[in-house]
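A.B. asks: The following block contains the structure, expressed as structure tokens.
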Amino acid sequence: MDVNNAIALNHLDRMTDSTGLIQHAIYSIPRRESGYTTDDNARALRLCTRLWGGHPGDRMFDRVTTYLSFLEHARCPVRGFHNFLSYQRDWLDAEGTGDSQGQAVRALAEVLGSNLPEGCLALARELIDAVTPALADLRSLRAQAYVILAWGHLSKSAVKDLAPIEKVAWAAAQRLVECYHRSQRPDWPWFESRMTYANAVLPHALFVAAQRWPAEGFLEVAEATFGFLDRETTVENVFWPIGNSDWYSHGEDKSLYDQQPVEAVTMAEAAITAFGLLGDEKYLTAFRRAYAWFHGQNSLREPLVDVLSGACCDALQPSSVNRNQGAESTLAYLWAELENKDHSTCVTNQPHPTNTRSCFIDTTTTPS
């Protein structure tokens, strides 16, 4: 365990080689045949950049440069980023998915808004500037939400010359609202006709947009959709996310399994951002539920995490935990842990799943 930040990165290091972060694991062992993805390496870059900001050190900087180097290598010759790299270091796609573009830009925004050495900042700026034209063409709503979140972080970090990415973020926020009005029904205040994966990033992005453009109706949609998602994923005060076995279409039953860690961390992030913006305790309660899901306050009453190694299991299945500890799951847990630990305000009136004191981050600051 890293004693400086009290978040264990043992498993993250085990899953990382000189190329980058390996995608999947067999139990706790890296599955080399699964290769690497840009979105996983971007998540790792974002995490380690944030950790470096709190405790600069050579080991953390080595992690940052490994993942940043991966993103530089993933740059496509024309535009955007590749996503899938084989273990033999061959790119397996002509261009990456929309979500991988959004994840990459969000991680690069973390770098550009940090106090990392100038070389890291210059590369992050170069990559963001290069990919910005491609961001306007993203069709995935989640990819567009990631762009809004990236721009929000850059804005509150007082990074200059943001007009091009701000234009893309503005259009993305408008599109989210348009999709909401097109898809909503009296019993379905949502952006699409079904809920799928990483659902909470959509209202999260509008909470961020509402800070910059408070007169545009973004906050109203953010509150309505987050509230709906919170109701649909809470059972007897336990977080029960949409399962990815069959998702949740309007008019049908919610898929109960497989429950993914990415749902818990995106819910936690959205909730704590909403709390920072509005100060309503219901968002803090939602954060606690999502965070506690990792530690056994879930439908199976089974913890998914190994706190000592920083590993997280891949899913909750109908009768058991998927014991494989892949990159996306582990990074979801580590970011949720960071949200819970690295904060300015501690809340002591609710018990932590394993401790008697709970502390939470306020990650939002009004953009300048």
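The values are calculated or read from the model by the stated rules, or taken from the named source; none is laboratory data. Please read these numbers as outputs of a predicted model, since none were measured by experiment. A quick note on method: Cβ atoms are made from the backbone with ideal geometry, for glycine too, and the neighbour counts reach across all protein chains shown. Just the protein is used for accessible areas: all its heavy atoms, side chains included, with ligands, DNA and RNA removed. Shrake-Rupley method; radii C 1.70, N 1.55, O 1.52, S 1.80 Å.
A.B. asks: Averaged per residue, what accessible surface does the chain expose to a 1.4 Å probe, in Å²? Could you put the intermediate results ahead of the total?
C.D. replies: Details: 15200 Å² over 368 residues.
Heavy-atom SASA per residue in the chain reads 41 Å².
A.B. asks: Let me make sure I get this right: for the stretch 68-198, a, b and c are the square roots of the gyration tensor eigenvalues over alpha carbons, sorted descending. Under 1.5 in a/c it's rounded, otherwise prolate if a/b > b/c, else oblate. Which is it? If you can, show how the numbers build up before the last one.
C.D. replies: Numbers: a/c = 2.35, a/b = 1.39, b/c = 1.69.
Oblate is the answer for the stretch 68-198, as a/c is 1.5 or above yet b/c matches or exceeds a/b.
A.B. asks: A further question on this structure: I'd like to verify something in the chain: which complete DSSP H helices, judged by Cα projection on the helix axis, reach 20 Å or more and average at least 0.0 on the Kyte-Doolittle scale?
C.D. replies: Details: long enough: 38-54 (24 Å, -0.56); 58-73 (22 Å, -0.43); 98-112 (21 Å, 0.09); 118-135 (25 Å, 0.88); 141-156 (23 Å, 0.44); 163-183 (30 Å, -0.14); 218-232 (21 Å, 0.28); 261-278 (26 Å, 1.32); 281-294 (21 Å, -0.41); 327-341 (21 Å, -0.32).
Span-like helices, by this rule, are 98-112, 118-135, 141-156, 218-232, 261-278.
A.B. asks: Under a plain spin-label model, where a point goes 7 Å from the Cα along Cα-to-Cβ, how far apart in nm are residue 6 and residue 181?
C.D. replies: 4.7
A.B. asks: At a probe size of 1.4 Å, how large is the accessible area of residue 234, to the nearest 10 Å²?
C.D. replies: Here the accessible area works out near 40 Å².
A.B. asks: Taking K and R as +1 and D and E as -1, what net charge do the other residues with C-beta under 9 Å from the C-beta of residue 328 add up to?
C.D. replies: Working: positive: 43; negative: 39, 40, 314.
That works out to -2.
A.B. asks: If you don't mind, there's one more thing I want to ask. What does the helix-only formula give at 222 nm for the chain: each DSSP H stretch with n ≥ 4 adding -39500 (n - 2.57), the total divided by the residues, and the result rounded to the nearest 500 deg cm²/dmol? Present the calculation step by step, with values, prior to reporting the outcome.
C.D. replies: Values: 12 runs with 182 residues, N = 368.
Estimated from H runs of four or more residues: -16000 deg cm²/dmol.
A.B. asks: Could you order 197, 180 so the one with the most accessible surface comes first? Probe is 1.4 Å. Don't skip to the answer; put the middle values down first.
C.D. replies: Working: 197 85, 180 20 Å².
From most exposed to least exposed: 197, 180.
A.B. asks: Here's another thing I want to ask about it. Could you compute how much accessible surface residue 125 exposes when probed at 1.4 Å, giving the result in Å² to the nearest 10?
C.D. replies: 60
A.B. asks: Moving on. Rank these residues by their accessible area, most exposed first, probe 1.4 Å: 156, 167, 282.
C.D. replies: Working: 156 70, 167 150, 282 115 Å².
Heavy-atom accessible area, descending, gives 167, 282, 156.
A.B. asks: Only Lys, Arg, Asp and Glu count, each charged at its Cβ (+1, +1, -1, -1), so figure out the dipole size of the stretch 143-287 about its Cα centre, rounded to 20 debye.
C.D. replies: Working: 11 positive and 19 negative charges, 109 e Å.
The dipole of the stretch 143-287 has a size of about 520 debye.
A.B. asks: Tally Lys and Arg at +1 and Asp and Glu at -1 over the other residues with C-beta under 10 Å from the C-beta of residue 99: what net charge comes out?
C.D. replies: Details: positive: 142; negative: 39.
Residues close to residue 99 contribute a combined charge of 0.
A.B. asks: Moving on to the next point. To the nearest 20 debye, what charge dipole does the stretch 1-78 have about its Cα centre, counting +1 at the Cβ of each Lys and Arg and -1 at the Cβ of each Asp and Glu?
C.D. replies: On the way: 9 positive and 9 negative charges, 27 e Å.
Dipole of the stretch 1-78, to the nearest 20 debye: 120 debye.
A.B. asks: Which one, 272, 140, 250, is farthest towards the positive end of the dipole of the chain when Lys and Arg carry +1 and Asp and Glu -1 on their Cβ?
C.D. replies: Positive-end residue among those listed: 272.
A.B. asks: Which residues in the stretch 72-109 place their backbone N less than 19 Å from a point set 7 Å from the Cα of residue 132 along the Cα-to-Cβ direction?
C.D. replies: Within reach of a label on residue 132, which here means backbone N under 19 Å from a point 7 Å along Cα→Cβ, the stretch 72-109 contributes 72, 75-76, 78-81, 101-109.
A.B. asks: Ignoring ligands, DNA and RNA, what percent of the 1.4 Å accessible area of the chain is carbon and sulfur? If you can, show how the numbers build up before the last one.
C.D. replies: Values: 7280 of 15200 Å².
Ligands and nucleic acids excluded, carbon and sulfur reach 48 percent.
A.B. asks: At a probe size of 1.4 Å, how large is the accessible area of residue 131, to the nearest 10 Å²?
C.D. replies: 0
A.B. asks: Could you pull out every residue, at least 5 positions away or on a different chain, whose amide H is within less than 5 Å of the one on residue 243? Hs are placed 1.01 Å off N in the peptide plane, and Pro or chain starts have none.
C.D. replies: Here 255, 256, 257 satisfy the definition.
A.B. asks: Hey, could you grab the Kirkwood Rh for the chain? Inverse mean 1/r over distinct alpha carbon pairs, Å, one decimal. Before the final figure, lay out each step's value.
C.D. replies: Details: mean 1/r = 0.0489 Å⁻¹.
Value: 20.4 Å, from the Cα pair sum.
A.B. asks: Another question about this same structure. Taking θ as phi - 60°, what are the ³J(HN,Hα) couplings along the stretch 10-20 by the Karplus curve (6.51, -1.76, 1.60), each to the nearest whole Hz, with x for Gly and Pro?
C.D. replies: Here the 3J(HN,Hα) series is 4, 6, 4, 5, 4, 7, 10, 10, 5, 7, x Hz.
A.B. asks: Lys/Arg Cβ at +1, Asp/Glu Cβ at -1, dipole of the chain taken about the Cα centre: which of 164, 313, 298 is farthest positive-ward?
C.D. replies: Positive-end residue among those listed: 164.
A.B. asks: Now, a different point. Mind checking the dipole of the chain: about its Cα centre, +1 per Lys or Arg Cβ, -1 per Asp or Glu Cβ, Debye to the nearest 20? Kindly include the intermediate steps, with their values, before the conclusion.
C.D. replies: On the way: 32 positive and 45 negative charges, 55 e Å.
Charge dipole, the chain, about its Cα centre: 260 debye, nearest 20.
A.B. asks: A follow-up question, please. Could you tell me how far the Cα centroid of the stretch 250-307 sits from the Cα centroid of the stretch 142-180, in Å?
C.D. replies: 24
A.B. asks: Another question, if that's okay. Hey, if we sort 263, 118, 232 by accessible area with the 1.4 Å probe, largest down, what's the order?
C.D. replies: Values: 263 10, 118 125, 232 55 Å².
The ranking, largest first, comes out as 118, 232, 263.
A.B. asks: When the Cα centres of the stretch 182-211 and the stretch 1-75 are compared, how far apart do they sit, in Å?
C.D. replies: About 30 Å separates the Cα centre of the stretch 182-211 from the one of the stretch 1-75.
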